[in-house]
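> Have a look at the structure that comes next, please.
The values are calculated or read from the model by the stated rules, or taken from the named source; none is laboratory data. Only a predicted model underlies this, so the values are computations on that prediction, with no experimental measurement involved. Every residue, glycine among them, receives a Cβ derived from its backbone with ideal geometry; neighbour counts consider all protein chains shown. Remember, those area values only see protein heavy atoms, side chains included, never the ligands or the DNA or RNA. Shrake-Rupley method; radii C 1.70, N 1.55, O 1.52, S 1.80 Å.
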Amino acid sequence: MSAQQDRLFSLVADKLGVDPEQLTPTATFDALDLDSLLLIELSVIVEKEFGVQLDETALSPDNTLGDVLARIDAKAKVA
Amino acid sequence: MLLQSPLGLVAAAWYPKQRQTVEEALAAGDIDARTARELGYTSLPVSEDTAPPDMAVEAASRVLELSGAQPADLSMLLHASVHHQGHDAWSAPHYVARRLGAHRAVPVGLLQQCNGGAVGIELAVSRLQGDPAAGPVLVTTADRFLMPSWHRWLSDYGMAAGDAATAVLVHRLAEEAGGPDLLLHALATRSAPELEVMHRGDDELNATPMGHSPMIDVRRTKRAFIRTYGVDFFLKTAADRIRAVVEECLAGAGLAADDRRLRYAVIPRLGSKAMAEAYLPPLTEVTGAEVLDLGRATGHVGAGDLNASLADLARTDLLEPGQYALVLNGGGGFTFTAVAVARP
């Protein structure tokens with residue numbers, strides 16, 4: 001598990017109230033019960049903590065935390 | 001607010017025959033399966049041919065017929081709405097009054113967002129209690145949500161909008177020949193103007209109607225709100241006000257939280273998930289009355305959710321004589337109202 005993943009999962013559990021045991025890179029937002037409003041909060045967290053802008057309107061219930069990690073990793077590589 | 005004595009209510013709603021089922025909405029790509037599940041609606045009424053003020057006249061005419069009240073005796077006509085009524089720089093309430101023949105009523109429009117119909121009842125009570133000479137007050141609501149200005153499934157989070165009109169006659173007892181459908185025993189309202197930004201977001205105030213987007217997009221302003229304040233700020237503020245109005249309303253009606261006479265606690269017509277998160281926790285914290293959801297086949301009917309539920313309570317046998325219902329509502333701004341009514 002990467003440090004970025006550790007940090008993201010910890011934030012999702014603490015700030016969005018998702019059960020840590022459910023957190024895997026392949027878990028969909030639908031499976032995690034992250035609805036449209038919580039995805040807005042997720043995008044705020046990701047922007048604040050990782051400096052990555054996520055357009056929450058482009059996220060679907062079938063997207064995963066792995067998709068978010070890919071965006072964070074992509075920014076890290078560019079940097 | 002304090003009611004000096006119970007007032008009578010006669011209530012009816014008008015719905016168009018045309019409906020869009022949730023299956024049709026899914027097939028048309030209006031919503032995805034998850035959103036449909038979270039909203040929990042079965043269908044929405046669609047009024048393509050009848051404009052809101054004409055819808056209000058339909059509901060009002062039914063109430064006048066049921067009550068036996070004479071239009072010329074009405075002292076005030078309060079018309080609440082959320083969206084476009086059919087013309088600009090024009091008074092829909094005056095149109096409704098003219099069509100009903102309520103020539104002595106003072107027509108007033110309530111742009112109170114989704115709690116407008118409920119506040120209309122509060123103002124009606126004020127009118128009747130403040131002026132002993134005032135005749136009955138008619139409260140109407142009417143809205144339709146058509147493209148291109150409003151997408152009934154997508155313009156907002158947590159609800160889908162149905163087209164409907166409601167009418168509630170508020171009168172002193174023994175004033176109407178037919179007798180009331182319901183007795184209004186208590187009404188409580190609390191506001192939360194700190195939540196005004198939910199429906200404005202970061203937008204500047206501009207000079208042209210519909211200038212922020214060609215389609216009403218409450219999702220956009222709510223995203224801006226959540227980015228700044230978070231969902232919890234809304235949930236905590238709403239819970240505080242909801243608890244307050246429910247407690248005040250039950251006390252005003254002389255009902256204990258677990259009073260056996262309190263048959264139902266009726267909730268607004270928002271999506272099921274939104275109500276489970278925002279409305280049910282504070283409501284069920286205060287009272288154990290059976291929760292009644294009357295909106296799955298109507299959707300959220302703009303300014304008229306509470307009034308439509310009064311119409312359902314009035315026109316069905318949900319309440320037996322002597323039984324009470326508490327009807328709860330909320331609307332952008334925000335304002336929360338609870339009323340306590342009983343079947344005579």
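> Name the residue, out of B:L66, B:L100, that is touching a residue at least 24 places away in the same chain (Cβ under 8 Å), closer than 17 Å to B:A165 by Cβ and out of contact with any helix residue (DSSP H, G or I) (no Cβ under 7 Å at 6 or more places or on another chain).
Exactly one residue qualifies, and that residue is B:L66.
> Collect the residues in segment B:36-51 that are open to solvent by less than 30 Å² (accessible area, probe 1.4 Å) and within 16 Å of B:G299 (Cα to Cα), keeping them in residue-number order.
Result: B:A36, B:L39, B:G40, B:Y41, B:S43, B:L44, B:P45, B:V46, B:S47.
> When segment B:202-211 is examined, which residues are found to be of a type in the set (D, E) and exposed (fewer than 12 other Cβ atoms within 10 Å of the Cβ)?
Within segment B:202-211, B:E204 is the sole residue that qualifies.
> Looking only at helices (runs of 4 or more DSSP H) that lie completely in chain A, which have at least 2 residues being over 26 Å from B:R37 (Cβ atoms) and within 14 Å of chain B (Cβ to nearest Cβ)?
The qualifying helices (runs of 4 or more DSSP H) are A:3-16, A:36-50.
> Going through B:G68, B:G29 one at a time, which residue ends up being open to solvent by 10 Å² or more (accessible area, probe 1.4 Å) and within 14 Å of chain A (Cβ to nearest Cβ)?
Result: B:G29 is the single residue among B:G68, B:G29 that is open to solvent by 10 Å² or more (accessible area, probe 1.4 Å) and within 14 Å of chain A (Cβ to nearest Cβ).
> Quick check: anything in segment A:40-55 modelled with pLDDT under 90 and of a type in the set (G, A, S)?
No, the conditions are met nowhere in segment A:40-55.
> I would also like to ask the following. Check B:A207 against each of (1) more than 10 Å from every other protein chain (Cβ to nearest Cβ); (2) over 23 Å from the mean Cα position of the chain (by Cα); (3) part of a helix (DSSP H, G or I) and name the one condition it does not meet.
(3)
> Could I ask something else about it? How do the strands (runs of 3 or more DSSP E) wholly within segment B:254-344 filter down when requiring 2 or more residues that are surrounded by 16 or more Cβ atoms within 10 Å (Cβ to Cβ) and of a type in the set (G, A, S): which remain?
In segment B:254-344, the matching strands (runs of 3 or more DSSP E) lie at B:324-331, B:335-342.
> Restricting to segment B:30-45, name every residue that is of a type in the set (G, A, S) and in contact with a Lys or Arg (Cβ under 7 Å, 6 or more places away or on another chain).
B:G40, B:S43
> Which condition from (1) more than 23 Å from B:V119 (Cβ to Cβ); (2) open to solvent by 30 Å² or more (accessible area, probe 1.4 Å) is the one that B:P16 breaks?
Going through (1) more than 23 Å from B:V119 (Cβ to Cβ); (2) open to solvent by 30 Å² or more (accessible area, probe 1.4 Å) one by one, B:P16 breaks only (2).
> Go through B:T298, B:T237 for me and flag whichever is more than 22 Å from B:L39 (Cβ to Cβ) and of a type in the set (S, T, Y).
B:T237
> If B:V139 meets every condition in (1) open to solvent by 10 Å² or more (accessible area, probe 1.4 Å); (2) under 30 Å from B:E65 (Cβ atoms); (3) of a type outside the set (G, A, S) apart from one, which number is that one?
Going through the list (1) open to solvent by 10 Å² or more (accessible area, probe 1.4 Å); (2) under 30 Å from B:E65 (Cβ atoms); (3) of a type outside the set (G, A, S), B:V139 breaks only (1).
> May I ask you to verify whether B:V245 is β-branched (V, I, T) and more than 14 Å from chain A (Cβ to nearest Cβ)?
Considered against the rule, which asks whether it is β-branched (V, I, T) and more than 14 Å from chain A (Cβ to nearest Cβ), B:V245 comes out as yes.
> Now for a separate question. B:L250 fails exactly one of the following numbered conditions: (1) open to solvent by 10 Å² or more (accessible area, probe 1.4 Å); (2) of a type in the set (A, V, I, L, M, F, W, C); (3) not in a loop (DSSP other than H, G, I, E, B). What is the number of that condition?
(1)
> What about B:L9, is it surrounded by fewer than 22 Cβ atoms within 10 Å (Cβ to Cβ) and either modelled with pLDDT under 95 or touching a Leu at 6+ places or on another chain (Cβ under 8 Å) (or both)?
no
> Here is a further query. Name the residues in segment A:11-48 that are in contact with a helix residue (DSSP H, G or I) (Cβ under 8 Å, 6 or more places away or on another chain), more than 16 Å from B:G230 (Cα to Cα) and open to solvent by 40 Å² or more (accessible area, probe 1.4 Å), would you?
Within segment A:11-48, A:D19, A:P20, A:T24, A:P25, A:T26, A:D30, A:A31 qualify.
> Let me ask you something else. Of all the residues that make up segment B:70-94, how many are over 22 Å from B:M147 (Cα atoms) and polar (S, T, N, Q)?
Total meeting the criteria: 3.
> Can you work out which of the residues in segment B:174-201 that are assigned to a loop (DSSP other than H, G, I, E, B) and in contact with a Leu (Cβ under 7 Å, 6 or more places away or on another chain) is least open to solvent (accessible area, probe 1.4 Å)?
Of everything passing the filter in segment B:174-201, B:D181 is least open to solvent (accessible area, probe 1.4 Å).
> For a quick check of your reading of the model, give me the residue pairs whose first member lies in segment B:117-137 and is in contact (Cβ under 8 Å) with a residue 40 or more places away in the chain, whose second is open to solvent by 60 Å² or more (accessible area, probe 1.4 Å) and part of a helix (DSSP H, G or I), with beta-carbon atoms closer than 8 Å and at least 6 apart or on different chains.
B:A134/B:R127; B:G135/B:D73; B:P136/B:D73; B:V137/B:L123; B:V137/B:R127
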